[in-house]
Each structure stands twice: as C-alpha cells, then as structure tokens.
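One structure is given here, and the rest of the page talks about it.
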Amino acid sequence: MNKKMVKKLFFLMILLSGSVIFGQTVTGKVSTKGEPLPGASILVKGTNNGAITDFDGNYTLKNVSATATLIVTYIGYKTQEENVNGKKILNFNLIEDAESLEEIVIIGYGAVRKSDLTGAISTVKSDALEDQPFTGADQALQGKVAGVTVMQNSGAPGGGVSVRVRGITSLTGNNEPLYVIDGVPVEADSNNDSFSFSSLGGGNGQTKVSALSNINPSDIESMQVLKDASATAIYGSRASNGVVLITTKKGKDGKSTISYESYIGFQSTPTYLDLMNLQEYAEFYKEIAAVRGQSVPLELQNPALLGSGTNWQKEIFRSAPIMNHQISVNGGNEKTKFYTSINYFEQDGIVINSDFNRVSMRLNVDHKVNDWFKVGNNLTFSKSREHITFNDDESGVISSAVRQSPVIPVKYSDGNWGGPTDVSGVGNGRNPVAWSEIRNNQLDRFKINGNLFGELTLKKDLTFRTELGYDYNTSKVAVFNPTYEMGTEINTVATSAKSNSDSFYWIFKNYLNYNKSLGLHSINAMIGQEAQESKYENVSLSRRDFLTNDVTTINLGDAETARNGNAKGTWSLMSYFGRLNYAFDGKYLLTATMRADASSNFGSNNKWGYFPSFSAAWVLSKEKFMETTNDIISLAKIRIGYGEVGNQNIGGYKYGAALRNVNTAYGTGFTQLNIANPDVKWESTKSTNLGLELGFIDNRISLDVDLYKKTSADFLFQEPLPSYLGAYNVASYLGLQPPFVNLGEMENKGIDIKLTTRNIAKENFNWTSSFVFSKYKNKLVSLSNDNSAIFQTIEFNNTITKTAVGQPVGLYYGYVSDGLFQTEEELYASPSQGDINKDTGIWLGDIKWKDINEDGKIDDADKTFIGNPHPDFTFSISNNLNYKNWDLSISMNGSYGNDVYNWTRKLTEGMLELNGNQSKVIKNRFIEGVNTNTTTPRFVFGDPNGNAGVSDRFIEDGSYLRIQNLTLGYTIPSNLLTNQNLISKVRLYTTIQNLYTFTNYSGYDPEIGAYNQNSMMMGIDNGRYPIPRTYMLGVKVEF
C-alpha cells in the first residue's frame, strides 16, 4: 500500500470519527398507514437527546452519532428501534398495538382493561377539564357521566358543589361521593365549611365550599366514577355514595417537555330581575299608602320628577376578572419518570367582595430501582384564600339588593353608608353594598396530600405493593363585624371572631396482586389489609367591644366579653379486603370482592361490617354465532352485578354516653350529654345493576345502558324524644341529646345511557359527538312508622319541605292555591280561611286555598306536597370538531321536570314591606273594582291571609337547557414557529362558559343545588349566588 493510499484512508477515518464524536442531524417522519403521527417521541438510545414530531409527523434530531440507535414510541403503538448507520433521513411506520390501544380503567386497588370490566364505571379524561375555568374537579363531572347529577350550590368562586351518584343514599348523613386522589381517600364533606354567619345574629346562609377546590384540575389525568356497589364495595364502609377515583398526571418516557398554560377572562351576570325603578316605586308607595291611610314622604309625592334611583342589582353585581397560569415539566426514561407543576389561579366573584385564589404545586415521581423493585411518590401542596359573602338568606347580600328601596343611596354625600329611614328603606334588608363588606368572612386553607409507595415483584406473576397516604389540612376563618350606622340600622358593638381547624388523615395499605394467564383462562387476584385514621381539632375565639374598626386583633377587644371553644375528634378503620377476576377466552368474565371494616365509630356489638360484591359479564360479540354480524356489531356485552356498601359517618363515640362540663356555683361540674345506644350499627346500601354495551361499525357508534336499583337502610338518625324524658331543646343546655338509632329504608331506581359517535374520521376533519341521559326515581320506603316524617324549615320557622314514607326525599310542602277571591259570594261560600274583613282578614283579591281534607276550613291539615325538586331526567350533548389546525367544541346540559321554590319571589312579590322595593309584577296586582283579571293577589298590610306564605304560588318549573361551553382553538403549524428547537407547539383558544340558558324560570339561575348540601333542602332559591357567564382567551405552549 503506497503512502498516498494510506493518507486517503487516514483522512476517511478522521471524517468517520468526526461524525461519531460530533454527531450528525437526522430528520424524518413518523406515520401509520400513511397518516402522520404528531406527538410521537424519538429518543437516542442511552441518552437524553430526543425530539417530538410536529403536527405533520416530522422530526429533527441534532448531534446524533452515526452508530446510534433511535427509539420511537407513541401511545397505542408498538415501540420501534432502528440503527442510524450513518443515514441522515429515517422514516418510521408504526404498527398499532391492540393490547396497549385498549383503554386501561383505574379501579379500586388496581387497573383493568376496559373490555374486562364487569361493573358500572365511567371515565372522564383530562381533555374534559381543559380550556374551562373550573375551580374544582367536581364541577367538571357535570354532564360528563351518566347517572351522576352535579349541581353548583352557589356560583361564588370556590362555592359548594353537590354531586349525587345515582340519587340520594342517606337522609341525615353526607350524600357526596368518596374522592380517592392517587389512592388517598378525601371526604367531600370534610374541610369545606366556612364561618357560620348566624353566630353574628340572623341567618346562617350558604357556608359550604368545594372540597376539591384545593386540587388543581390541570394536574388531573383522568377521573373514574364507580357507580354501582359491585364496583364500589372494595371501599366498603366509605362507598355508599359512590366513588370517584382521581389519577393525576405522571411523567412519560422520552424527551422532557415544558408546558406553559394560561387563560385570562372576565365574568358577568347572565340576567337581572325586573324590579321597579324609583319612579315606579314612588307610584306603588303612593297607592299602598292610600290603602293604609298614611302620608307619602315628600320625596315620593311627585314620581314624574324622579330619576331611576339606586339600582341595587347593578351595585352589587360586577364584571369580574379570572385568570390562570401554570408551568409543568414532565419526562423521564426507562427507569425514572417525573411530572411537576406550579399553578396560580385567581377568580373574583360577580358579587362584590367575593373572590378565590389558589397557589398549588405538584411533584409525581416514579423510579424503577431494579428489575424487582420500584418506588414512587405523588405529592401536592396548595394554599387558597377566599372571601365569602353572606347569601342564601333573606338578609343576604343578593336578597337585600332585590328588596332595598331605590330611594336609598349607596353612600350619602358625607361618605357614610346609605340606609333605611323611618319612612323609606327596608330595615333588615340593609345596604347590600355595605353588607357585602360587613357580612364577609375570609377563609384560608392549606393542604398537603400525597401517597408514597413501593412495589416489589416477588415472582413473574406476583407483586406486593405497600402505600402510605396522607392528607393534612388547615383552615383559618376570620370575621369582623364592625360598628356601623346605615340610617336606622345601627350597630354600636364591634365583634371579632376567629376559628382555626386542622386535620390529619393517614392510610397504610399492603396488598398482593397475582396475575396469571393459562391458555384461554386469565386470573387476577388481589388480597390486602389497610389501616386508616383521621384526627381533627378546632379552636375558636371571639371578643366584642373594640375601640376601633381599624384594628381587629382579638386581644384589643374587651376581655370580659371573651368567648372560646375547642373541639377535637378522631375515627379509625381497620380493614381486610380481596378481589378475584376471572376471564375465559375474553368472553366470560367474573368478579368477586369482599371487604371487612372495623370502625371505631361503633361499639363492640357492631364494630365490624362486611361488604361483598359479585358481578359477571358476557361478551356476545366474541361468540361464533355473532361472526356474521361483526361488520355491523363490533361489540355486544352484557353485565350484571350486585354489591353491598356501608356508611360509618356517625361521629366518634356516639354509641356511648358522654359527659359535658357546666359552670356551677361550686366550680366546673359535669352532666350526661346524651343517651347511649351500643347497638347502633352501619348504614347499609344494596345495589343491583344490569348493563349493556354495544358498538357498531368498528365502534364508531358506542352505546352504554345501565339499569339499577339501589336500596339504603338503617339510616343513622337521632331519634326524637319527648320533653318529659329531659330531651335536649334549644331553650336548654342541660337536656339529654337523643341516641343515634338505625331506622328507615330508601330506594333509588334509574337508568343511565351514554351514546358516543364518531361521525366523521378523515385525515383533515374529525367530528365526534356524545349524548348522556340520566334518570332516577327516589322513594322513602319506611321510617320508624308509616306516619313518620321529617320536616325542614327556612328562615327560622317556615316549614318548606317534608320527607315522608312513600314519597321522594325533600318534597316542597305547603298550601295549594285555587285562584283569587273575585266576589263576596265566593268568599262566603268557600271553606273558612279566617275572619272576613277587608283590612284585617280575608277579602277579595286574596288567594283561595284548596280544602285538601274537605273539612270546611283551611288549616295546617290542608298542607300537602306542592312540588318536587328531583328532575324527571338530566342530559347533556357534546360535539367536538377538528379541521386541520382548528378545533371547535360545544357542550350543552340540561334538566327536565324539576321544580324550584323561588323564595326570592316572596320578597319581591309578597308586598310584605311597605318601604321595600318589589318586582314589576306587582303593578298587575289585584285592585278591587280596577284590576281583577290577574293572578297576583292584592296588597294588604300584615298579609292576614298568608298570601306570601309557603304555597304553590312560588313553585316554578326549573327545567333548563344550557349552552355550557363553547371553545374555538387554533394550533399554529410547526413550520411557522420561528424557533422549532425551542417551541414545539402553540395552541390559542377562546372559550365562553354558560353562554345561554333556555328556561322558563324567572330567577337568576334555574340550577339551584342544595342548601349546604342538605338533600332535604334542594332547589330553594333564597337569594342564591348565580353562576356567572365567563369569557376567556387562552394559550398553551410546549417547549
């Protein structure tokens, strides 16, 4: 070999080594069946050098060794590896992985393929939470899951939400589902109370807030709703109301990605009530003053000279901003995967002086130590602050705004608050703007929630997993009721009250999983044990007589007025559980579970509860006799299940007799607090379910139908006692509290339907639709006896609902109207309603009540059921369209057949307050000899006939159809991004939430919810905070 040839070879070796050392650029395209795969991951094996394909499936990788190996992964497709071998262009055609394509469903203590499910379980994925201004994840369930009814009890930021899975389960206990966040149970009725306004005098108002508002919805990967007892029984005594499993986002193999998400927007009030302005009010005042024979204030004597006056609705409602910012990072490799995020959310309420803000952080890490051991930790921190205004009460901010006279200004010229005088304005209506500041509490909450786990592979098919979960919460409530002067409304004593609460819950789980396939047989078995405990403590204190309103520190109040309180409690559970899944040839499926719980809340007689379940499924579409229909019927599956669950929410040591301390002349003494009942036991719920799953034309059309029957029994109830036994009453602190007993039975029957269609599936255009339908019928089967009933009151002593045997829970209860008295002959010929007298009794223009028992007189015995807050059915319709880089989604939801009791109309149409404002409706009131063709009764001082009492006069149809969400988005093509190495994806979108509501309801909002989550007080509009309409602009950027 000559020297010249040696030099050439040497030079070639340098070039080759340079390409190895310094690397080359590799480009290419990832596709399947000719279609590009955007978002596929390409990674240089053994390094962190990677890339993500763009919208057209293209990728670019720099600094790639000529001898490197590229790994391509994409969810639902088989992983591919290929050597570079010096090539600069490498294209990949991925093959679908049928097994990984199939949806994996999280169930209690494990996961299964959707095709292997035998219970009634529904899934809500993360895309259902995107682009929408949800404060909490519970709001995102609305309209997404058949059989789940979601109602916002308040439209306030962070306000309470009622979630009912297949109806109502308990009479007196909590009816909210159990939320399990990454394996850690969270009670929906825990850590969600704000300040009780009644301690400052007057009513209490809506005090419940959302228990999930401290969890960032953007961190959630999916939510599985376990609806029937065959699915929930594995959670035993805590699952009577259903279970919602929340799985947060985890890291993924491949190149690490950084995501920034943000939206900003504003909210407004969708509608206003049609109230009288100042001129109309002055006319009304003159007319009723003449009826009463009293003088008219000088300022109201000539209405033509007046303007519109104070519009109190416009004063308390506002355009309110909302914004959200989040940065998240996720990534990993074969051994370690991580996801971390930080989020800031801020929402001002549409009612002045109400708001909510939250800062949250999350870190989820999974690490594979070796082939037989992996560990992980899911951890979140959050801190929130919200200001809660006084509402859902006659004296609340909204109720005061619709009642207060337009004569009264917000502030006088001297800067003092406007207020009622002797001749104008509603005294207990107060100045609503001032009231929003005065009756306002600040709630600060802090949460740490997490789960640490280790998983050991003992054998190929056998794993052991141990978990330690924890949930720590603190809440601080601060209220200051200042001295004030609002006209004749004067408060000379300032009060400061504070309350601090903290709770710590832990759960320790150990369980074995065995998974084995033998030919056509598949077995999955799980057995485990767990212990859990919850402790809480509350400290409250208050003082009065502060020297100034400017400094509200407790110690500046008068020490002699100091009050304090301290409460603490605990409960614990010891449990054993197991589950067996068996499948034969993917056609015949069986599942059996068993759980045993021992609760500290019950005595030795009934400490243990046992909760079995059985379910089975038959996949008909895999049978040979169905082969000829496979082109049309791609899936046919029948499911059947039965299960039992329980409820242990009675409180600690309620089965025993406790003591309480009392002050005596000789110092602190003790008396018995309650009557013991060592035989009190668990509430129980038994459920049966029959389901049908159908898929047509390669599952382009999917239909799920479930029929169910759920029977709850042995309600945990405090049995009323007669006063001669020393029973506790509100006038005495020394009476005995009654014992907790088990009584009653309740039944829910219903049907759930979900229809999903892929209408168009083209390269550049996709259109999918879904329809959800839910219907349930609730009935109280028994109480202590057939004549027993539970009554609920509003505004202290007005009975408004009755829960009785043979009827649904919480029906409205009152008198039935039968028109207005038109003539004196009719008045004297009708059943007696009281003294007949134009000024002090019953007269023409008063409401004629129906004599229900036909005894010739109207009294309490004529009260009957006048309305039903339960809907005949609820539904939702969603459509999602994608055209090239554009996406459009629209969702609607509705309710049909439910009644609403519009208590606000009692205030605005009752004509009970001479000095207060009214609705324009009363301009068409009955006036003898002038206006008799009307349904609005006459004005009479004192309302001796009870025209404004509890009756069907204020019952309205609460049915509605709401355009819940409209979102239009655009993803910028990758070739237009100026720096594709830095920015891989940008999506812009705009959203309108609560766009429009079609309804005949005359109030602000037909979606009323429950008063403080009380199932027997649903659909009562007493100045409820309406749900806002929200306009947003958002952006998502991936780096």
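Throughout, read-outs are computed from the coordinates displayed, never taken from laboratory work. Quick caveat: nothing in here was measured; it's all calculated off a predicted structure. Counting neighbours? That spans all protein chains shown, and the Cβs are built from the backbone with ideal geometry, glycine included.
Can you tell me the length gained on complete extension of the stretch residue 422 to residue 788, counting 0.36 nm per residue apart and subtracting the Cα distance?
In short, 127.1 nm is gained.
Report, by chain and number, residues whose modeled amide H sits under 5 Å from the one on residue 842, excluding near sequence neighbours (fewer than 5 apart, same chain).
Long-range HN contacts for residue 842: 835, 836, 837.
Apply 1/(1 + (r/R0)^6) to the Cβ-Cβ distance of residue 563 and residue 879, taking R0 = 51 Å, and write down the FRET efficiency to the nearest 0.05.
0.35
Expected output is a single nm value to one decimal: the length gained when fully extending between residue 93 and residue 824, i.e. 0.36 nm times separation in residues minus the C-alpha distance. What is it?
So the chain would gain 254.1 nm between residue 93 and residue 824.
When only C-alpha pairs under 8 Å and at least 6 residues apart count, what is the relative contact order of the chain, in percent?
11
For the chain, state the semi-axes of the equivalent ellipsoid (square roots of 5 times the eigenvalues of the alpha-carbon gyration tensor), sorted largest first and rounded to whole angstrom.
In descending order the semi-axes read 57, 35, 30 Å.
Starting from the Cα of residue 775, draw a straight line to each of the aspartates and glutamates and keep only those under 12 Å, dropping any in the same chain fewer than 8 residues away.
Within the straight-line cut-off, residue 775 pairs with 706, 752, 872.
Quick check on packing: order 287-299, 943-955 by the mean number of other C-beta atoms within 10 Å, highest mean leading.
Output ranking for 287-299, 943-955: 943-955, 287-299.
Quickly rank 270-276, 655-661 as a protection proxy: mean count of other C-beta atoms within 10 Å, highest first.
Most protected by this proxy first, the peptides run 270-276, 655-661.
Give me the aspartates and glutamates in straight-line cross-link reach of residue 374: C-alpha distance below 17 Å, same-chain residues under 8 apart excluded.
Correct list for residue 374: 182, 253, 334, 366, 455, 461, 467.
Charges at C-beta only: +1 for Lys and Arg, -1 for Asp and Glu. How large is the resulting dipole of the chain about its Cα centre, in Debye rounded to 20?
My answer is approximately 5000 debye.
Kindly flag which residue pairs out of 802/857; 45/250; 125/587; 607/802; 78/622; 78/460 have an alpha-carbon separation exceeding 30 Å in this structure.
In this structure, 607/802 lie more than 30 Å apart at Cα.
Going by average Cβ neighbours within 10 Å, how do the peptides 579-588, 218-227, 160-169 rank, with the highest at the top?
Descending packing order for the listed peptides: 160-169, 218-227, 579-588.
For residue 459, go through the aspartates and glutamates and keep the ones whose alpha-carbon is under 12 Å away, minus same-chain ones fewer than eight residues off.
Of all the aspartates and glutamates, those that pass the test against residue 459 - Cα under 12 Å, at least 8 places apart if same chain - are 371.
Of 255/368; 252/985; 144/509; 447/568; 29/337, which ones are farther than 21 Å apart at the Cα?
Those over the limit are 144/509; 29/337.
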